[in-house]
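What follows is a set of notes on a single structure, which appears directly below.
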Amino acid sequence: MNDVKVKIDLAKPIGYVGLGIPLILVKLASAPSDGKLQEYMDGVTFDDIKAAYDKDSDMYKAAELIFMQDNKPKHIAICETTSTVVEWLEAKGNLSRNWRQLICIGASDETAEIIAAIEKTDDKMYFASVPADDTTEFDRENVKRTVMLYCSDKKYPNPEAALVGATAGLKAGSFTYHDIILKGITTQDLSDDEIAKIHKKGGITFVTKAGDNVTSEGITLGGEYIDIVDSEDYVIQQITCRVQKQLNANLKIPYTNNGIALLESVVVDVLQGAFNNGIIATTADGSPDFTVDFALREDTTEEQRSTRKYIGGQFTFALAGAVHYVEITGEITL
């Protein structure tokens, strides 16, 4: 529970990101013979996994892919369940734990239901995969927290783990999911038209470009760029956490202009950090393109002051965006 709420509305002109640790959720048909379901929600390293899991298990293979990548996270979370994934997600406390990127083992029959459940959250992401030639039509309306990788690999049943591993250790806003080099999984032999069809339905795939094996795009199932979702979540998370820390650390933040200025300074500091990460654009003069406006005490109402609620803080910023495609025109003269 926090005493701070932050909302961002993403305004798009016409034509126009550490956030937690990866979680491998293993759905078992029945409990192990000893009746014990393994759970490592505080995080484990690959050395821990080697000691606890059979190397031929799908869980082990997913973890192996994550830790194989160049920018791998320091650790991941693991949990086994005999319930459905949606039931696990809805169980008390599971969504409030410090995980972000969800990978599911043994739950391919629940994909649509998992998408719907994750889309109800405000800080989680679901990474899934289907074969490159899969024709399933997923519901894409209002979907921005699901990433669908169209990719098949003979050795690794969950190739999406490679994408999670290659990005989970990076700072939000410092990268785009487009053209991410992945290790361990097989590139898909697809024509340009086939790749375009995958993109059109909100998927991404894994191909070779200029000799490198990379992701073909960086969008969610609903068509939003994944790094925009990361960036939005990062700013909300940081402001929520750091303002709450101020409330915790101070015996009292007075409802005065000085107290309001303290809250404003926290938001400015977060936005400056977001600018440093590459989330926020620069203005023509090279300064960060964000504004912060916190109403003074005299601009608040008596009811707000008597109920000790300050709702006068506002900020705006311009997303830096990223270059995904380049077209260059040249001329040869004789």
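Tallying residues that are buried (at least 19 other Cβ atoms within 10 Å of the Cβ), in a loop (DSSP other than H, G, I, E, B), of a type in the set (D, E, K, R) and in contact with a Leu (Cβ under 7 Å, 6 or more places away or on another chain) within segment 114-162 yields 1. Applying a threshold of 8 Å to beta carbon distances and a minimum spacing of six or more residues, or different chains, the list of pairs starting in segment 93-113 at a residue that is assigned to a loop (DSSP other than H, G, I, E, B) and ending at one that is hydroxyl-bearing (Ser, Thr, Tyr) and open to solvent by less than 30 Å² (accessible area, probe 1.4 Å) reads 95/121. Just one residue in the set 113, 64, 119 is over 21 Å from residue 157 (Cβ atoms) and at pLDDT 95 or above; that residue is 119. Screening 279, 236, 219 for residues that are open to solvent by less than 20 Å² (accessible area, probe 1.4 Å), within 15 Å of residue 173 (Cβ to Cβ) and of a type in the set (A, V, I, L, M) leaves exactly one candidate, 279.
If you filter segment 176-220 down to residues that are of a type in the set (Gly, Ala, Ser) and assigned to a loop (DSSP other than H, G, I, E, B), you find that the one that is nearest to residue 64 (Cα to Cα) is 184.
The set of residues from segment 247-268 being closer than 18 Å to residue 292 by Cα and open to solvent by 20 Å² or more (accessible area, probe 1.4 Å) comprises 256, 257, 258, 261, 262, 263, 264, 265, 268. Restricting the first residue to segment 132-144 and requiring it to be among the β-branched types (Val, Ile, Thr), which pairs with a second residue that is exposed (fewer than 10 other Cβ atoms within 10 Å of the Cβ) and in a loop (DSSP other than H, G, I, E, B) meet a Cβ separation below 6 Å and a spacing of at least six or different chains? From segment 132-144, no pairs qualify.
The values are calculated or read from the model by the stated rules, or taken from the named source; none is laboratory data. Source: prediction; values computed, not measured. Neighbour counts are summed over all protein chains in view; Cβ atoms, including those assigned to glycine, are modelled from backbone coordinates with ideal geometry. Note: areas computed on protein heavy atoms with side chains; ligands, DNA, RNA excluded. Shrake-Rupley method; radii C 1.70, N 1.55, O 1.52, S 1.80 Å.
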